[in-house]
Structures are given as structure tokens and as C-alpha cells.
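These notes are about the structure you will find just below.
The values are calculated or read from the model by the stated rules, or taken from the named source; none is laboratory data. The model shown is predicted, which means the values in this text are computed figures rather than measured ones. Virtual Cβ from ideal backbone geometry, glycine too; neighbours counted across all protein chains shown.
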Amino acid sequence: MRKKIIAGNWKMYKTPGQARELARAIRNGITKITLDREIVLCPPFPALYAVKEEIEGSNIGLGAQNIYPKEEGAFTGEVSPLMLQELGVSYVIIGHSERRQYFKEEDGFINQKVLIALKYGLKPILCVGETLKEREEGRTEHVIESQLRAVAEHGHHAFSNCVIAYEPVWAMGTGLPATPEQVQSVHAMIRAVIAQSSENDAKTVSLLYGGSVNEKNAEALFAMPDVDGGLIGGAALNIEDFKAIIDAI
């Protein structure tokens, strides 16, 4: 079953105390979550436990913003899948454009993260997307297919427990989102690429859009047949905006 998912990526915002307040407000503000819909909150690492306590017993999922592809070791500043697993984390964002751009993470390394997340029962939210230069050069399809291939190489059903988030780098935080038609075109292409590994995965994988999603454009974006929700940045930090986006799904 293709789930509708709204995931809030809080990035490097909210102290544990602030995160607790926001998580509580979101939980209290959501009146209904059906079985085919899920809300996921992805706070910074220091706030994971506080958010976990606030959403305990609800249908809201807990997500991490990163993972390191080793169980343990001398990797100062990194967080292992075992740590996330024990905290009750269900999802983990992997391959976000900010990780690719600022921390120079490449497809091979991102793929290692996907594999270890799956090994420990964490559902990757794998982010893919092109820069403005790549889009202008007509390379959108090539770039995204390459980002997906790193995972697809692991064979049949490689995507069966993944969520894919299309985040065009040129639309993130700019206030200039891709049009619903542009998003639909890319999402249809993503399904076609996944279908080369597994037609069933292509039909069932949830595809999210992220890139300046707000309460004004969410409904039109989510109305597209291959858009199953959103990975929300700035708007996820405001309870009213985030609730409006949740309502739109």
C-alpha cells in the first residue's frame, strides 16, 4: 500500500526544549491520522529523545536526519544505527542535498547509509534532486537516475522499504517551488527507474516532494498522481503552516 507521508525536517533548528513544545503542539493539533497516512518528525539529534517522549502512544513517527554506515567505532561526531534503533527511530533522512553539497557526500557513501539503515529496520528517506545548472543543461533525468542506481544495484526489491524524496536543489528554501507538473514529471520518471528493478516496488514506494512546500501550494502538489506527500523544511517549524500542509494531504 502506498502511504501518504508528511515528514518534517527540522534541520539545525530547535533546542530539546523547543522541540518538545513543537512536537506537543503538532500532536495536539492533529485530529485524525488514517492508516494510509503518516506524519514523521525529524528533529536534530539532541532533541530526538524529547520528541520521542512527546509523541509516545500517537501515530506520529520519529525520524533522524542522518546516520553513519557503521555499528560503532572511532568516528567522532557520528551516530550509529544501533543508537537510533534504541531511541525508537523509524525513519532516517539520507542523501539530503545539504549533505551532498556541504559535506561532499557522494552516491557510494549514501548507498552505504541506505544499506545499514535497512539492515537495522530503519526506513530510509532517500533524497534525490538536481541543481539549477543541471536542470538548465537538461540533465535532470540523468542526475536522478544516477542517484537511484547506487541503490538499485543491490538487486530486486532494493526500494521495497525505502521512501524517495525528490528535492530539486534550486527550489529548496528559495520560495520558488517546482510546479506540480514539473514534480509529477520527475516522480513518474523515478517510478519508471525503480520499475526496472521491481515493478511492484515502483507501484508501492512512497514518493515525496520537498522544495519550498507551503500551505498555499501543498494541495496542488499532492493532487498529482505520483506525489505521495512531502519532506517539509521551513514550514515544518510553524505549527499552523505544518498543520495546513498535513490537512492538504
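Remarks
- Segment 117-140 residues that are free of Cβ contacts under 8 Å to residues at least 40 places away in the same chain, paired with ones that are exposed (fewer than 14 other Cβ atoms within 10 Å of the Cβ) and in a loop (DSSP other than H, G, I, E, B) (beta carbon under 9 Å, 6 or more apart): Tyr120/Glu71
- Residues satisfying the stated conditions in segment 165-188, i.e. of a type in the set (A, V, I, L, M), in contact with a helix residue (DSSP H, G or I) (Cβ under 6 Å, 6 or more places away or on another chain) and closer than 23 Å to Val114 by Cα: Val169
- If you go through segment 66-94 and keep only what is in a loop (DSSP other than H, G, I, E, B) and among the aliphatic types (A, V, I, L, M), you end up with Ile67, Ala74, Val79, Val89.
- Scoring Gly57 on the criteria (1) closer than 17 Å to Glu86 by Cα; (2) surrounded by 15 or more Cβ atoms within 10 Å (Cβ to Cβ) leaves a single failure, condition (2).
- Residue ID - farthest from Gly211 (Cα to Cα), chosen from residues in segment 92-111 that are free of Cβ contacts under 8 Å to residues at least 60 places away in the same chain and buried (at least 20 other Cβ atoms within 10 Å of the Cβ): Asn111
- Whenever a residue of segment 2-18 is in contact (Cβ under 8 Å) with a residue 12 or more places away in the chain and within 21 Å of Gly229 (Cβ to Cβ), its partners that are outside any strand (DSSP E or B) and basic (Lys, Arg), lying with C-beta atoms within less than 8 angstrom and at least six residues away or across chains, give the pairs Arg2/Lys203.
- Screening Asn161, Asn214 for residues that are among the polar types (S, T, N, Q) and without any contact (Cβ under 8 Å) to a residue 40 or more places away in the chain leaves exactly one candidate, Asn214.
- Complete set of residues in segment 194-208 that are assigned to a helix (DSSP H, G or I), of a type outside the set (Ser, Thr, Tyr) and surrounded by fewer than 21 Cβ atoms within 10 Å (Cβ to Cβ): Ala195, Glu199, Asn200, Asp201, Ala202, Lys203
- In segment 78-103, the qualifying residues are those that are out of contact with any Asp or Glu (no Cβ under 6 Å at 6 or more places or on another chain) and among the charged types (D, E, K, R), and the one that is farthest from Ser206 (Cα to Cα) is Glu78.
Quick grid of which residues meet (1) surrounded by fewer than 23 Cβ atoms within 10 Å (Cβ to Cβ); (2) more than 22 Å from Glu38 (Cβ to Cβ); (3) free of Cβ contacts under 8 Å to residues at least 12 places away in the same chain; (4) more than 15 Å from the chain's Cα centre (by Cα):
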| position | (1), (2), (3), (4) |
| --- | --- |
| Val151 | no, no, no, yes |
| Met189 | yes, yes, no, yes |
| Glu219 | yes, no, no, yes |
| Asp228 | no, no, no, no |
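- Any hit, segment 64-82, residues being of a type in the set (Gly, Ala, Ser) and either modelled with pLDDT under 95 or under 15 Å from the mean Cα position of the chain (by Cα) (or both): yes
- Segment 31-53 - residue that is farther than 16 Å from Ile232 by Cα and β-branched (Val, Ile, Thr) and, of those, modelled with the highest pLDDT: Val51
- When segment 1-21 is filtered for residues that are at pLDDT 95 or above and in contact with a strand residue (DSSP E or B) (Cβ under 8 Å, 6 or more places away or on another chain), the ones remaining, listed by number, are Lys4, Ile5, Ile6, Ala7, Gly8, Asn9, Trp10.
- Residue selected from segment 158-203 under the condition closer than 19 Å to Ile125 by Cβ and aromatic (Phe, Trp, Tyr), by the criterion modelled with the lowest pLDDT: Phe159
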